[in-house]
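Engineer: What follows is a single structure, and I will ask about it in a moment.
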Protein chains: 2
Amino acid sequence: MLTQIKEAPVATPIDRLLATTQADMAEVNALILSRANSHVEMVPELARYLIDSGGKRLRPMLTIAAAQLFGKGTGIAINFAAAVEFMHNATLLHDDVVDESDMRRGKPAARMVWGNKASILVGDFLLGQAFMMMVETRDIDSLGVLSAASAVMAEGEVFQLAKTGDLTTTPADYAEVIRAKTAVLFQAACEVGAMAGGADAAGRAALATYGLELGNGFQLVDDALDYGGQAGTLGKNTGDDLREGKMTLPVILALTDGSEAERATIAAALGDPDATQDQVTAVVAIMERHNTLARTLEQAHDHARAAQRALEALPASEMRTLLSDVVEFSVLRAY
Amino acid sequence: MLTQIKEAPVATPIDRLLATTQADMAEVNALILSRANSHVEMVPELARYLIDSGGKRLRPMLTIAAAQLFGKGTGIAINFAAAVEFMHNATLLHDDVVDESDMRRGKPAARMVWGNKASILVGDFLLGQAFMMMVETRDIDSLGVLSAASAVMAEGEVFQLAKTGDLTTTPADYAEVIRAKTAVLFQAACEVGAMAGGADAAGRAALATYGLELGNGFQLVDDALDYGGQAGTLGKNTGDDLREGKMTLPVILALTDGSEAERATIAAALGDPDATQDQVTAVVAIMERHNTLARTLEQAHDHARAAQRALEALPASEMRTLLSDVVEFSVLRAY
């Protein structure tokens, strides 16, 4: 069960995850660096710019942690972890082109430095390298999990694009988008980690569910944070999703429950890259009136609880506790 | 040895290849259609628009033909053939965005109908589906061949992009670009076909070389045709590569051998999307003065001969003859 943390602990669960996976992650990071290399200079320049830009590498850490949970040496999990991070980074490169994003992780997006064209092609390169690393493990079942994830992720991105600015988008549409574009990669990262760690069918299924639900919760929190989170604290990038016309749950619920006038206020700002800070503030006020940020976070909690429940099927261990704490921490970051 | 065909035969080698592979290609085409499907409507709409646009499906036909050459039932070759075609189409979608191309196979490019964003994402989807089809064969060695091809192709595209408009590009740079962006997929298509057909190591190597050299010859011919081919016949799209700043062999050789004034004429038009037909005509005249189209086609011939020589290591058969004729036909189309 989720409990509110009243006092900040000295080490966050993410810090503890970092510490526990440190030795294996050093191997993962070395592999990532070496596989981002190429005699074509633009490839490592652009790839490393993104890869070294301070992402916390949550997905590959989860792969390693899942392998450790089942006790078997992490061997091929190293390759899968690096492959998962490459898949994620390839997606980020393509997403920034598709979303016309200027910034990523507090720095100018790669496309602002090397251009859209290079971002598309280096994304393709990272995807190809990801598959090469998977193939080297010769583990065809894990390859099945990751290749399916790759196709589903792209499908989810197309679905999100098709729904951009579509006022009739339903909560079910949204649930499908976040599952496909975000949760499936978390699921695959945890599932192949468990497989590499020697999990049986039940263990594999538990970690797949854990990853899927963590990913769903993670994205819901992200989408609430884009409007300031529960506290509604407005920051520099508040409302980016609104300006891009992204149909996330806070806006879908506000459109459903809002008055005619409120709907008009939202519709006027939705998908307008030049929407003013005042317009964003007005939309967030509507969301607060209808409690849609809190309700979005409630759904995140539901997914987080489902992730934690999936772990309960497994024997108790320090790692199991840590993975459960990671979920809690990921959801609580929105408060 | 290549011989000039004096009278057009009733059926071209491509027609004969179509006839020989027809039954298997019906299965490949059905698989292609079914795997381009998705409940996200934009995916099959865009994918089929490209896939049904009259490409001759040379690459998957070569996979099937290579499998047939070694006599074993084509079973998993069907999956590899469809995967190769998906990889090719994913590349076309991304290339058209990168090159800002308006037309593809005589129709508006998909990006002109659905936009750049959808073209990027549906390309990613096709790539993911390609890997899923490969994984279903559970043939890890063929997966190694195709995943390596995927990474090398993207690397080649980045290299080509980095060299765009670069007057110092060498013939060796060019050779590397066409090997990576074009020839490696022909190589992989033929190699995995041979593997699926039950080829031994020598047979596999022969077909890999055949595909690689055919692909190199194919791209050299394409690049000569962009300037009108041997005959220098100017058409509607003559000089597209010039306007895009693509450093292909005809232009590289003309820059090397041209006078100061000729180099200036070329440099003025290179990479200028608004270069006039007169400018293109002037550049082609320089190419003819220095014989660079003929010399490009000579290199295509050399590769074609190397492809044919690779086949000579194998026992004589009708299919071997046909594959040899396909090479000849592909190169002669430039006259």
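Every number in this text was worked out from the coordinates using simple rules, so none of it is lab data. Just so we're clear, the structure is a prediction, and the values are computed from it rather than from any experiment. Cβ placement follows ideal geometry from the backbone for every residue including glycine, while neighbour counts extend to all protein chains displayed.
Engineer: Could you please state, rounded to a whole Å, how far the C-alpha centre of region B:137-166 is from the C-alpha centre of region B:44-111?
Structural biologist: Value for the Cα centre distance between the two parts: 16 Å.
Engineer: Which one, B:103, B:43, B:20, is farthest towards the positive end of the dipole of region B:1-108 when Lys and Arg carry +1 and Asp and Glu -1 on their Cβ?
Structural biologist: B:20
Engineer: Separate question: Just to confirm the filter: which chymotrypsin sites (Phe, Trp or Tyr not before Pro) across region B:114-192 are DSSP coil and have at most 15 other Cβ within 10 angstrom of their Cβ? Walk me through the numbers before you get to the answer.
Structural biologist: On the way: sites: B:114, B:125, B:131, B:159, B:174, B:186; in loops: none.
Nothing satisfies the criteria.
Engineer: Just from the alpha-carbon atoms, what are the Rg and Dmax of region B:217-322 in angstroms?
Structural biologist: 16.4, 54
Engineer: Is there a quick way to get the dipole size of the protein assembly as shown? I mean about its Cα centre, with the Cβ of Lys and Arg at +1 and of Asp and Glu at -1; what is the value in debye to the nearest 20? Walk me through the intermediate numbers first.
Structural biologist: Values: 56 positive and 88 negative charges, 199 e Å.
Using only the charged Cβ atoms, the result is roughly 960 debye.
Engineer: If you don't mind, another one. In region B:148-273, if the dipole is taken from +1 on Lys/Arg beta carbons and -1 on Asp/Glu beta carbons about the Cα centre, which of B:180, B:205, B:253 is farthest to the positive end?
Structural biologist: B:205
Engineer: Using only the Cα atoms of region B:13-332, what are the Rg and Dmax in Å?
Structural biologist: 19.7, 60
Engineer: Can you sort B:225, A:167, A:69 by how many other beta carbons sit within 10 Å, fewest first? All intermediate terms of the calculation are to be shown ahead of the outcome.
Structural biologist: Working: B:225 21, A:167 13, A:69 26.
Final ranking by Cβ density, sparse to dense: A:167, B:225, A:69.
Engineer: Continuing with this model, one more query. At 222 nm, what helix-only mean residue ellipticity would chain B give, in deg cm²/dmol to the nearest 500, using -39500 (n - 2.57) for each DSSP H run of four or more? All intermediate terms of the calculation are to be shown ahead of the outcome.
Structural biologist: Values: 15 runs with 237 residues, N = 335.
The helix contribution divided over chain B gives -23500 deg cm²/dmol.
Engineer: Another question, then. Any idea which of A:271, B:29, B:238 is furthest toward the positive side of the dipole for the protein assembly as shown, if Lys and Arg beta-carbons carry +1 and Asp and Glu beta-carbons -1?
Structural biologist: B:29
Engineer: Measure nothing fancy, just the Cα-based angle from helix B:184-196's long axis to the longest principal axis of chain B, in degrees from 0 to 90, nearest 10.
Structural biologist: On a 0 to 90 degree scale, this one is about 20.
Engineer: Report, by chain and number, residues whose modeled amide H sits under 5 Å from the one on residue B:103, excluding near sequence neighbours (fewer than 5 apart, same chain).
Structural biologist: B:109
Engineer: Using only Cα atoms, what is the ratio of the radius of gyration of the protein assembly as shown to 2.2 N^0.38 Å?
Structural biologist: Details: Rg = 26.9 Å, N = 670, 2.2 N^0.38 = 26.1 Å.
Normalised Rg, Cα atoms only: 1.03.
Engineer: Taking the Cα-to-Cβ direction at residue A:277 and at residue B:289 and moving 7 Å from each Cα, how far apart do the two end points lie in nm?
Structural biologist: 6.2
Engineer: Still on this structure, please answer the following. Counting only C-alpha contacts under 8 Å and six or more residues apart, can you give the relative contact order of region B:13-332 as a whole percent? Could the numbers behind the result be given before it?
Structural biologist: On the way: 463 pairs, mean separation 59.9, N = 320.
Over region B:13-332, the number comes to 19 percent.
Engineer: Hand me the GluC sites (Glu not before Pro) from region A:12-89 located in a DSSP loop with no more than 15 other Cβ atoms within 10 Å, in residue order please. Intermediate results must be reported in sequence, preceding the final value.
Structural biologist: Numbers: sites: A:27, A:41, A:45, A:85; in loops: A:41.
For GluC sites (Glu not before Pro) across region A:12-89 that sit outside H, G, I, E and B with at most 15 neighbouring Cβ atoms in 10 Å, the list reads A:41.
Engineer: Moving to a separate point now. Which distance in nm do the two modelled labels at residue B:136 and residue A:26 give, with both placed 7 Å along the Cα-to-Cβ direction?
Structural biologist: Inter-label distance under the simple model: 4.4 nm.
Engineer: A further question follows. Here are some pairs, A:72/A:107; A:181/B:181; B:117/B:246; A:117/A:246; A:181/B:246; which of them have Cα atoms lying more than 27 Å apart in this structure?
Structural biologist: Details: A:72/A:107 38 Å; A:181/B:181 29 Å; B:117/B:246 24 Å; A:117/A:246 24 Å; A:181/B:246 35 Å.
Violating the 27 Å limit, Cα to Cα: A:72/A:107; A:181/B:181; A:181/B:246.
Engineer: What is the distance, in nm, between label points placed 7 Å from the Cα along the Cα-to-Cβ direction at residue B:230 and at residue A:316?
Structural biologist: 8.3
Engineer: Based on the Cα atoms of region A:20-131, what semi-axes does the equivalent ellipsoid have, where each is the square root of 5 times one gyration tensor eigenvalue, given in whole Å with the largest first? All intermediate terms of the calculation are to be shown ahead of the outcome.
Structural biologist: Details: eigenvalues 139, 39, 25 Å².
Rounded to whole Å, the semi-axes are 26, 14, 11.
Engineer: Considering only DSSP states other than H, G, I, E and B, which trypsin sites (Lys or Arg not before Pro) in region A:93-167 qualify as loop sites with at most 15 other Cβ atoms within 10 Å?
Structural biologist: Numbers: sites: A:104, A:105, A:111, A:117, A:138, A:163; in loops: A:105, A:138, A:163.
The qualifying sites are A:105, A:138.
Engineer: What's the magnitude of the charge dipole for region A:13-332 around its Cα centre, counting Lys and Arg as +1 and Asp and Glu as -1 at the beta-carbon? Answer in Debye, nearest 20. Please report the intermediate quantities before stating the final value.
Structural biologist: Details: 26 positive and 43 negative charges, 137 e Å.
The calculation lands at about 660 debye.
Engineer: Based on the alpha-carbon gyration tensor of region B:112-182 and its eigenvalue square roots a ≥ b ≥ c, which shape applies: rounded if a/c is under 1.5, prolate if not and a/b is larger than b/c, or oblate?
Structural biologist: Working: a/c = 4.49, a/b = 1.37, b/c = 3.27.
Judged from the Cα gyration tensor, region B:112-182 comes out oblate (a/c at least 1.5, b/c at or above a/b).
Engineer: What do you get for the angle between helix A:77-98 and the principal long axis of chain A? Use alpha-carbon atoms, 0 to 90 degrees, nearest ten.
Structural biologist: With both axes taken from Cα atoms, the answer is about 30 degrees.
Engineer: Now for a separate question. Using all alpha carbons of region A:261-335, what is the percent of pairwise distances in each 5 Å bin, ordered from the shortest bin to the longest?
Structural biologist: P(r) over region A:261-335, rounded to whole percents: 3, 14, 18, 14, 11, 11, 9, 8, 6, 5, 1.
Engineer: Evaluate the relative contact order of region A:131-230 (contact order divided by residue number), counting alpha-carbon pairs under 8 angstrom at least 6 apart; express in whole percent. Before the final figure, lay out the partial values.
Structural biologist: On the way: 91 pairs, mean separation 26.3, N = 100.
Computed over region A:131-230, the figure is 26 percent.
Engineer: Let me ask you something else. Determine the sum of side-chain charges near residue B:121: Lys and Arg each +1, Asp and Glu each -1, restricted to other residues whose C-beta is under 11 angstrom from that of residue B:121.
Structural biologist: Values: positive: A:181, B:117; negative: A:95, A:155, A:157, B:124.
Residues near residue B:121 contribute -2 overall.
Engineer: Roughly how big is region A:258-311's charge dipole about its Cα centre, with Cβ charges of +1 (Lys, Arg) and -1 (Asp, Glu), in debye to the nearest 20?
Structural biologist: That gives a dipole near 400 debye.
Engineer: Here is a follow-up. Give me the distance between the Cα centres of region A:283-335 and region B:242-320, rounded to whole Å.
Structural biologist: 60
Engineer: Could I ask something else about it? Counting pairs of alpha carbon atoms under 8 Å apart in space and at least six apart in sequence, what relative contact order in percent does region A:17-135 give? Please list the in-between numbers first.
Structural biologist: Numbers: 124 pairs, mean separation 34.5, N = 119.
Normalised by residue count, the contact order of region A:17-135 is 29 percent.
Engineer: Quick one: angle between helix A:318-332 and the longest Cα principal axis of chain A, in degrees between 0 and 90, rounded to 10, please.
Structural biologist: 20
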